[in-house]
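Notes follow once the structure below has been shown.
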Amino acid sequence: MSVLLEFSMFPTSDECREGASVSKYVSRIIDMIDQSGVAYRLTPMGTVIETDTMKEALEIIERAYASLGDCERVYSSLKFDIRKGASGRLKQKIASVEGHLQRRVTT
């Protein structure tokens, strides 16, 4: 099974913000994901991880929230793509689209 999870999580409370930027807090979450060994991609609007089970994906979310434990209020948005019998989709889905683009350019 492949669980792709795209999520964003950041503090909204004043005590955890320095102006408009929340990158200091997002970097805590990315560091935790990196240390977990889970495959991921950081994007400007969120992070995509790939796990083998829903349980693993939800554990990452719990750990991400815990890393912001000093913040009074935290916003999060999550999207899942769950597929049985698949793996490596974090890279494969992008390669598939790029392959179609390549064929379009050469034809």
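No value in this document is a laboratory result; all are computed from the given coordinates. Computed from a predicted model, the values in this text were never measured in an experiment. Cβ coordinates were reconstructed from backbone atoms using ideal geometry, including for glycine residues, and neighbour counts include every protein chain displayed.
Of the conditions (1) crowded, with 16+ Cβ neighbours inside 10 Å; (2) in a strand (DSSP E or B), Ile29 clears all except one; give me its number.
Failed condition: (2).
Within the group Leu101, Leu90, Leu78, which residue is surrounded by fewer than 14 Cβ atoms within 10 Å (Cβ to Cβ), touching a Leu at 6+ places or on another chain (Cβ under 8 Å) and either aliphatic (A, V, I, L, M) or over 15 Å from Ser2 (Cα atoms) (or both)?
Leu78
Kindly provide the set of residues from region 56-75 that are loosely packed, with under 15 Cβ neighbours inside 10 Å and in contact with a Phe, Trp or Tyr (Cβ under 7 Å, 6 or more places away or on another chain), ordered by number.
Correct list: Tyr75 only.
Looking at Ile82, Ile94, Ile30, can you tell me which residue is of a type in the set (Val, Ile, Thr) and under 11 Å from the mean Cα position of the chain (by Cα)?
Checking each option against the conditions leaves just Ile30.
One line per residue, one yes/no per condition, for (1) of a type in the set (Gly, Ala, Ser); (2) touching a residue at least 12 places away in the same chain (Cβ under 8 Å); (3) under 17 Å from Leu90 (Cβ atoms); (4) touching a strand residue (DSSP E or B) at 6+ places or on another chain (Cβ under 8 Å):
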{"position": "Phe10", "(1), (2), (3), (4)": "no, yes, no, yes"}
{"position": "Ala20", "(1), (2), (3), (4)": "yes, no, no, no"}
{"position": "Gly37", "(1), (2), (3), (4)": "yes, no, yes, no"}
{"position": "Gly46", "(1), (2), (3), (4)": "yes, yes, yes, yes"}
{"position": "Ile49", "(1), (2), (3), (4)": "no, yes, yes, yes"}
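Within region 23-69, count every residue that is touching a Cys at 6+ places or on another chain (Cβ under 8 Å) and among the aliphatic types (A, V, I, L, M).
Qualifying residue count, region 23-69: 1.
Could you grab me the full set of residues in region 37-55 that are surrounded by fewer than 16 Cβ atoms within 10 Å (Cβ to Cβ) and not in a strand (DSSP E or B)?
Gly37, Pro44, Met45, Asp52, Thr53, Met54, Lys55
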